[in-house]
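Below: the structure, in structure tokens.
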Amino acid sequence: MNQNQDQTFLQVDYNLLATKKLNSTQKLFVSYIIGWQRTGKICFETNRTLATKFGKEYGGIRSVLSSLNKFDFFKSVSKDYNEKSRTSGHEITVNIDKLYTFLAHETSTQGFDSTKREVSQTIPSTTYIQNEDANEEVSNYNVKTNTSKSNDCTLTKHQLGDIISVYDVLGQLGYEEPYDVLDFISKANSTSMDFQKFIAITKRLHSEKKQNDYKGIIITDEILAKINKMSQV
């Protein structure tokens, strides 16, 4: 492949990949829609375009949409019917919070290793190309209930250039709620980074939490103090 040629692929959340409540095509389709949303866009495509991308017949893609519309996290609305071609576009969205709730029970019982990486699946693209940075989807976070609060002696020291796991560091900082961790990963657009970048992101979120419309993980002064103690000069 030419180095200047864009690569097209999907990134599938590990929990979504592992669920037995959806078939393989449904998992890929949901991941495809999430990819649009990760770039701040909403998927609007015709059945024929979607059928081409997923290697299905026209009726096959209609069946996929119909089956997914039964779930509350998925919504497909037909718009702009074309009398001449007898086709209509679909505005398709996935509610991430409802999807996580849908997957939550299996996530807690299956106990996957939180260091697992996302799985890539290539598909043909005719109208839109998603790149790796724009379509990175968070991997599984395996929550372990701790009976004691994190303390300074459990904090691992890091130099600014060290590559850290977001899961590991947030766990040491006492974040046990998976939605907090997933929210941080979503805002950082990565599950790993150098420690200097991690510090910068936490400081930004600490500042943003003062805004009235802020939603998501809360970075307190105490958390910043702990992060400062983790920094090895």
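Each reported figure results from applying straightforward, stated rules to the coordinates on display, with no laboratory input. Treat the numbers as computed from the prediction; the structure is a model and nothing was measured. All Cβ positions, even for glycine, are placed from backbone atoms using ideal geometry, and neighbour counts span all protein chains on display.
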**Request:** With 26 Å as the limit, write out which pairs from K75/K187; K21/K215; K21/K209 have Cα-Cα distances beyond it, or answer none.
**Result:** K21/K215; K21/K209
**Asked** Calculated FRET efficiency, R62 and A18, Cβ-Cβ r, R0 30 Å, to nearest 0.05?
**Response** 0.65
**Request:** Please list 217-230, 163-176 highest first by mean number of surrounding beta-carbon atoms within 10 Å per residue.
**Result:** 163-176, 217-230
**Message:** Straight-line reach only, C-alpha to C-alpha below 18 angstrom: list the lysines that K56 could link to, leaving out same-chain residues fewer than 8 apart.
**Reply:** K27
